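Report on the structure given below.
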Amino acid sequence: MFATAPPLPPTIPDPVVLEDVRYYVIEGRSEPELVAQMNAKGYLGEHGRYWGYTSPELKWSFGVKLVDGRCKLVDPKVVLIITTTLPAWTPPSSTSAAMMAKWRAFDRAIHHHEGEHAQIARDEARKLVVLMRKHHSDVSCSGLDAYMQTEGRAITGKADTASAELDERTGHGATEGVALSW
């Protein structure tokens, strides 16, 4: 007698992650000029202007369909677009070594801090895929849809909280070196 193997779970693809870094040009010969340029040209968000900013746009979707008495996820996908905005400065030839060192430290710190925000978003996308892989079917389509929506909102809410807590804990990166003490 032959037994039939249980059907394999649907293939849930890894998240698609697209990343773009946009630079705004700042100019200046002195430290206060650079700060003034970043204050004037930095990313303008709903809460003000930021020297650096990471904007994740997460889209996740799925359908549900009754197949052989069970409801299954259909066409699940997670797409994350991360756009990071940072300052770009080409120092004039007369720039002092001390100012260059400060700028390099600042530039490393702002890249690191914005990278932390991007990682939170990448983790969020990965967790949504894990959710879909673990709970890809249910006895009812309304139950499957409700569960996915509830758990998905919990994941995205935790990511939003983690990003806000990162900024609160670091003063928007100031304690990590995203500050100019000029």
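Since every read-out is calculated from the coordinates, none of them should be taken as a lab result. This one's a predicted model, so the numbers in the text were calculated from it and none came from an experiment. Virtual Cβ from ideal backbone geometry, glycine too; neighbours counted across all protein chains shown.
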Distance between modelled label sites at Ala174 and Ser61, nm, 7 Å Cα→Cβ extension: 4.2
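Could you compute the FRET efficiency for His111 and Arg133, with r as their C-beta to C-beta distance and R0 at 35 Å, rounded to 0.05? Walk me through the numbers before you get to the answer.
On the way: r = 32 Å, r/R0 = 0.92.
According to the calculation, E is roughly 0.60.
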Given a Förster distance of 25 angstrom, what is the FRET efficiency for Val74 paired with Thr161, based on the Cβ-Cβ distance and rounded to 0.05? 0.25
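What per residue convex hull volume, in Å³, comes out for the chain when only alpha-carbon positions are used? Kindly include the intermediate steps, with their values, before the conclusion.
Working: hull volume 25.6 nm³, N = 182.
Taking only Cα atoms, the chain has a hull volume of 140 Å³ per residue.
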Pop out the ³J(HN,Hα) list for segment 89-105 in order, Karplus 6.51 cos²θ - 1.76 cosθ + 1.60 with θ = phi - 60°, rounded to Hz; leave Gly and Pro as x. 10, 9, x, x, 4, 8, 5, 6, 4, 5, 5, 4, 5, 4, 5, 4, 5
Give the relative contact order (percent, whole number) for the chain; include only Cα pairs under 8 Å separated by 6+ residues. 26
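Cross-chain or 8 or more residues apart, Cα under 14 Å: how many lysine pairs in segment 16-176 fit that? Count them up, please. Walk me through the intermediate numbers first.
On the way: Lys59/Lys77; Lys59/Lys127; Lys72/Lys134; Lys77/Lys127; Lys127/Lys158.
Total qualifying Lys-Lys pairs in segment 16-176 comes to 5.
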Grab the DSSP H runs of the chain that are 4 residues or longer, score each as -39,500 (n - 2.57), total them, divide by all residues and round the 222 nm result to the nearest 500 deg cm²/dmol. -15500 deg cm²/dmol
Across bins of 10 angstrom width beginning at 0, how are the C-alpha pair distances of segment 91-139 distributed, in whole percent? 21, 24, 19, 15, 11, 7, 2, 0
Loop GluC sites (Glu not before Pro), segment 99-182, which have at most 15 other Cβ atoms in a 10 Å radius of their Cβ (DSSP): none
Diffusion coefficient, µm² s⁻¹, Stokes-Einstein with Kirkwood Rh over alpha-carbon pairs of segment 30-119 at 25 °C and 0.890 mPa s: 149
